[in-house]
Amino acid sequence: MKSFFTSRWGVICIAVAISVIALLFGRYSLLGPIENGLAAFLKPLETASSNFQGRIKNFSEFFSSRKQQADENTRLNERVQALLIENTKLRSSLEDLHTLRDEEQFLTERKYTFVPSHVIARTSFPHDNIVVLDKGTSNGVIVGMPVVVGQGIVVGKIISTTSSTSMMNLVTDSQSEFAVKVQNDSKSLGIVTGSHGLSLTLSLIPQSEPIAQSQSIITSGTEDRVPQGLIIGSVGQITYKEGELFQSSAVVYPISLDNLTVVSIVL
């Protein structure tokens, strides 16, 4: 004989009993305490979950903000670098304009004909210091013409030309030579030569014509294509020996030749 709980009527009775119990619990709020207990139990978990989600959101926003800041810093750094480059170019252009203005003023006042030129290349070998300029025979440039900067300071002499470029020896080059005079009472004539790209020497000054340190040395105008009055430098330490015909001296040169950018060729 089947057990009552496994028989059809038993199953029906159990189902009806469960339904009645559930109805009574619902009607008389018998489940309230259980629900409240579960709610109280789950509340901390819910709060912790909400806090965790908030932290994840804040964490994500923090890193997103840091990335945006990093990107903005990169853009700002790039902009600063671009502005620095632009400022350097503008400063260089301004310095070139000032140099050209000084050259033009000096040469115009003395009624010299000249052509401004830019340095486009430079070589430096043990005994050669050659600069390439962007003006040539099409601009009236020929071999032997002097090249100056600022207030007529000689920086070199043209040694070769093409139609659009020319090459000059710097005044300190070993092959450089200028006929000069010292601005003393005797207006002593001599020769200034370069020495290994490093210095200048004044020579062939007669012993009978006293010279003194700091006296100015200018071109004499006695050689082809080099006018009188261009500045070479000033007398430095003087060297002479008893019984010799001539005396010599070091030349104090007024500028550095390391950063030439714009010059003027005296035609």
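The values are calculated or read from the model by the stated rules, or taken from the named source; none is laboratory data. What you see is a predicted model, and the numbers here were worked out from it, not measured in a lab. Note that we place each Cβ from the backbone using ideal geometry, even for glycine, and neighbour counts take in every protein chain shown.
Numbers at a glance
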item: Search result, residues across the range 225-267 that are within 17 Å of T193 (Cβ to Cβ) and small (G, A, S); result: G233, S234, G236, S248, S249, A250
item: Residue in the range 223-241 that is surrounded by fewer than 20 Cβ atoms within 10 Å (Cβ to Cβ), of a type in the set (G, A, S) and out of contact with any strand residue (DSSP E or B) (no Cβ under 6 Å at 6 or more places or on another chain) present; result: no
item: Strands (runs of 3 or more DSSP E) contained in the range 170-267 and holding at least 2 residues of a type in the set (A, V, I, L, M), within 26 Å of V131 (Cβ to Cβ) and in contact with a helix residue (DSSP H, G or I) (Cβ under 8 Å, 6 or more places away or on another chain); result: 262-266
item: Unique match (being part of a strand (DSSP E or B) and either farther than 21 Å from V192 by Cβ or of a type outside the set (G, A, S) (or both)) among V155, V143; result: V155
item: Filtered residues of the range 195-221 (kept if more than 21 Å from Q151 (Cα to Cα), surrounded by fewer than 20 Cβ atoms within 10 Å (Cβ to Cβ), over 36 Å from the mean Cα position of the chain (by Cα) and in contact (Cβ under 8 Å) with a residue 24 or more places away in the chain); result: S203, L204, P206, Q207, E209, P210, A212, Q213
item: Selection count where residues are buried (at least 21 other Cβ atoms within 10 Å of the Cβ) and modelled with pLDDT of 95 or more, scope the range 171-187; result: 5
